[in-house]
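Notes for the one structure printed next.
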Amino acid sequence: MPFENVLIETHDGVATLTINRPKSLNALNTATVAELCLAVEQVADDRSVKALILTGAGDKAFVAGADIAEMAHMASPAALTFSELGHRLGDLLESLPIPTIAAVNGFALGGGCELAMACDLIYASEKARFGQPEVNLSVIPGFGGTSRLARRVGPHRARELIFTGDLIDAAHAERYGLVLAVLPPEQLLPHCREVAKKIAGKGPLAVSQAKKVLAAGADLPLQAANALERQAFATLFGSRDQKEGMAAFLEKRPPRFEGH
Ligand code: CAA
C-alpha cells in the first residue's frame, strides 16, 4: 500500500522505511505517525523481511520532532491522543520480532530522538544531532523520551538533556552510548544495510527470541531475567533451524535457515 509520507523498500530480506517530509525536516504529524504504524504492521506481516531500517528523507534530518505546527493548537485531550499514537509506534517497533535499525542521517530531535530510541540499534552520520528540546516549547517528551532516554544513557544524563533541551552532536551521542557508531554521511545507509543483511542471514527464530529476552529481561530482576533466558534457550531446541544450524556447523557447511 503506498503512503503519502513514508516510503517502503524491501531488498534481500531488509525493509527500509524512509520518513518523507523533507520540507518540514520529516516532522511527525498525526498522519505520518499513523502511516508509520501501518508500515511497521505491513513489515511484521511479511515473513521474508528479517530486519528493518528507519531513516529520514533529505540530507538534513532524520526527524526534527513531532510537528509543532500541528501541535500548536492542541488541547489536552488531543495531545493525549497524539502521545498515545506516538507510544503505539514505539511499542510496535519494540514488539516486532525482527531487529530494527535507526539510520540517523541528521537532526533526531524530540519525537525523532524518541523514534530512534524505539529501534534496537542506532547508527548516526557525522551530521546527526540528538536532543529532547521540548522544554523550549514548554512541553516534555511525549513519545517515550523520558523513559527511553533514561534507559539508554542513564537517568543523570537524561535529566540534563531533557531539562536543558540541549542538542548533542553524533560524537557526543556515541560517548553517551546512544549511538553505536558514527559514519560519514554517504556511508551511513550502506553500513546499516550491511549490519541488517548480516542479521538477516542468522537464524531468525534465534534473533527474534534474543530481541524478546533482552527487552523483557531489562525490566526484570536478574533471576527472573535469567529464567526467561533459560526458557527461550530451551524453546529454540524444538526448532528445525536449531538442528540445521548445529548440523551445518558439524558438517562444515553454511546453514539454510527457514524460520521453523
Ligand atoms: N515541526 C514542524 N515543522 C518543523 C519542525 C517541527 N518539529 N522542525 C522543523 N520544521 C520546519 C520549519 O518550520 C521549517 O519550515 P518552513 O521552511 O516552512 O519555515 C523547515 O522545517 C526547516 O526548518 P528550519 O528553517 O527551522 O531549519 P534550521 O536548519 O534553521 O533549523 C532545527 C533546524 C534546529 C531542527 C529547527 O528546525 C528546530 O529547532 N526544529 C524544532 C525542533 C524541536 O523542537 N523538536 C521537538 C518538537 S516537540 C516533540 O517532538 C514532542 C514529542 O516528544 C512528541
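The values are calculated or read from the model by the stated rules, or taken from the named source; none is laboratory data. If you're wondering where the values come from, they're calculated on a predicted model, not measured in any experiment. With ideal geometry, Cβ positions are generated from the backbone for all residues, glycine too; neighbour counts draw on all protein chains shown. Accessible surface is based on the protein model in full, side chains and every heavy atom, while ligands, DNA and RNA are left aside. Shrake-Rupley method; radii C 1.70, N 1.55, O 1.52, S 1.80 Å.
The table below gives the values:
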item: Accessible-area ranking of Leu250, Leu52, largest first, probe 1.4 Å; result: Leu250, Leu52
item: Selection from Gly56, Ala31, Ile162, by position along the positive dipole direction of segment 6-200 (Cβ); result: Ile162
item: Amide proton proximity set for Ala27, modelled H, under 5 Å, gap of 5+; result: Ala64
item: Segment 7-85: C-alpha gyration tensor shape, a/c 1.5 cut-off, then a/b vs b/c; result: oblate
item: Cβ crowding within 10 Å averaged over residues, with 13-22, 166-175 ranked highest first; result: 13-22, 166-175
item: Mean Cβ neighbour count within 10 Å, used as a protection proxy, ranking 37-44, 58-65, 111-118 highest first; result: 111-118, 58-65, 37-44
item: Theoretical gain in end-to-end length, Met74 to Leu222 [0.36 nm per residue, Cα-Cα removed]; result: 49.0 nm
item: Projected label distance in nm at Asp59 and Thr81, using a 7 Å step from Cα toward the beta-carbon; result: 4.0 nm
item: Gain in span if fully extended, Lys198 to Ala31, counting 0.36 nm per residue against the direct Cα distance; result: 56.8 nm
item: Non-local Lys pairs in the chain, i.e. 8 or more apart or on different chains, that have alpha carbons under 17 Å apart; result: 14
item: Distance between modelled label sites at Asp12 and Leu38, nm, 7 Å Cα→Cβ extension; result: 3.0 nm
item: Residues whose placed amide H lies under 5 Å from that of Val104, excluding near-sequence neighbours; result: Tyr123, Ala124, Ser125
item: FRET efficiency for Arg47 and Lys252, using Cβ-Cβ distance with R0 set to 30 Å, rounded to 0.05; result: 0.55
item: Peptides ranked, highest mean first, by Cβ atoms within 10 Å: ranges 72-81, 99-108; result: 99-108, 72-81
item: For the chain, share of DSSP beta bridges that run antiparallel, in % to the nearest 5; result: 30 percent
item: Electrostatic dipole magnitude of the chain [Cβ: Lys, Arg +1; Asp, Glu -1; Cα centre; debye, to 20]; result: 780 debye
item: In range of the label at Phe237: residues from segment 183-208 whose backbone nitrogen is under 13 Å from the point 7 Å along Cα→Cβ; result: none
item: Cβ-Cβ FRET estimate between Arg88 and Glu244, R0 fixed at 35 Å, reported to 0.05; result: 0.45
item: Max mean-square fluctuation residue, GNM over the chain, Cα-Cα springs under 10 Å, options Leu121, Leu183, Leu228; result: Leu228
item: Distribution of pairwise C-alpha distances over the chain, 5 Å bins, in %; result: 1, 6, 13, 16, 18, 17, 12, 8, 5, 2, 1, 0, 0
